[in-house]
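> Below are the structure tokens for one structure; questions will follow.
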Amino acid sequence: MIEEEFFQQHVIPAKATVLADRLIHTLSPFFLENHGREDSKGEAPRAWSTKKGHLKKVFENALRIKAQATVSKDTFEMVLFNPGTAFNEDIMGAETMEGGKADISCSSIPLVKLCLLPSLHVYEHNRRLVDYNNFERRPSSQRSAAMVLTEAVVILEST
């Protein structure tokens, strides 16, 4: 069912649109610039409309990942790295505060200052039944068996 064209082309985009609209509506009051005008309530949603397409794509990708994970026999883990964790280029990508790619040419191993996006790990688990609670948390010592689907995005401490 989740691989059918109707689900992929209609159901997921429709739900992603609803989620993007809900997020815009929730966050827009925090970005309102009220210059003493009564009509300023409509400014934030109009400004967010340019970002709606990007938000919709983010939600579409998240819904597709969740749909695939829900019917999978494997287990998954979203890993956020704590500040002070040693940078590991196999499972992390480093960015600057401005959003550009960070230069990692120093001789010492840089440390994570902030983890912006988690990495997604998958563990083979040969179950006979589909378990709808297939996201778990594992100690870092057990992550070597995981296949990394997406890298974490981190900001590094300045050296």
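The values are calculated or read from the model by the stated rules, or taken from the named source; none is laboratory data. Here the structure is a predicted model, which is why all the values come from computation and not from measurement. Methodologically, a virtual Cβ is constructed for each residue, glycine included, from the backbone with ideal geometry; neighbour enumeration extends over all protein chains shown.
> Being at pLDDT below 80 and outside any loop (DSSP other than H, G, I, E, B) is the filter here, so list the residues in segment 115-139 that pass it.
The one that is at pLDDT below 80 and outside any loop (DSSP other than H, G, I, E, B): Phe135.
> Output yes when any residue across segment 1-23 is modelled with pLDDT under 80 and either of a type in the set (Gly, Ala, Ser) or surrounded by 10 or more Cβ atoms within 10 Å (Cβ to Cβ) (or both), and no when none is.
Residues of segment 1-23 that are modelled with pLDDT under 80, as a first pass: 1-3.
Now restrict to residues that are either of a type in the set (Gly, Ala, Ser) or surrounded by 10 or more Cβ atoms within 10 Å (Cβ to Cβ) (or both): 2.
Checking segment 1-23: at least one residue is modelled with pLDDT under 80 and either of a type in the set (Gly, Ala, Ser) or surrounded by 10 or more Cβ atoms within 10 Å (Cβ to Cβ) (or both).
> Taking Val79, is it at pLDDT below 80 and aliphatic (A, V, I, L, M)?
On the way: at pLDDT below 80: no; aliphatic (A, V, I, L, M): yes.
No.
> Looking at segment 86-100 only, could you name the residues that are buried (at least 17 other Cβ atoms within 10 Å of the Cβ) and assigned to a loop (DSSP other than H, G, I, E, B)?
Passing the criteria: Phe87, Ile91.
> Is it the case that Phe135 is surrounded by 10 or more Cβ atoms within 10 Å (Cβ to Cβ), more than 30 Å from Ser158 (Cβ to Cβ), under 19 Å from the mean Cα position of the chain (by Cα) and among the hydrophobic types (A, V, I, L, M, F, W, C)?
On the way: surrounded by 10 or more Cβ atoms within 10 Å (Cβ to Cβ): yes; more than 30 Å from Ser158 (Cβ to Cβ): yes; under 19 Å from the mean Cα position of the chain (by Cα): yes; among the hydrophobic types (A, V, I, L, M, F, W, C): yes.
For Phe135, the condition - surrounded by 10 or more Cβ atoms within 10 Å (Cβ to Cβ), more than 30 Å from Ser158 (Cβ to Cβ), under 19 Å from the mean Cα position of the chain (by Cα) and among the hydrophobic types (A, V, I, L, M, F, W, C) - is met.
> Let me ask another. Cβ contacts < 6 Å: first residue touching a residue at least 12 places away in the same chain (Cβ under 8 Å) and farther than 22 Å from Asp103 by Cα, restricted to segment 144-155; second residue crowded, with 16+ Cβ neighbours inside 10 Å and small (Gly, Ala, Ser), any location; separation 6+ or different chain. Result?
Val148/Ser119
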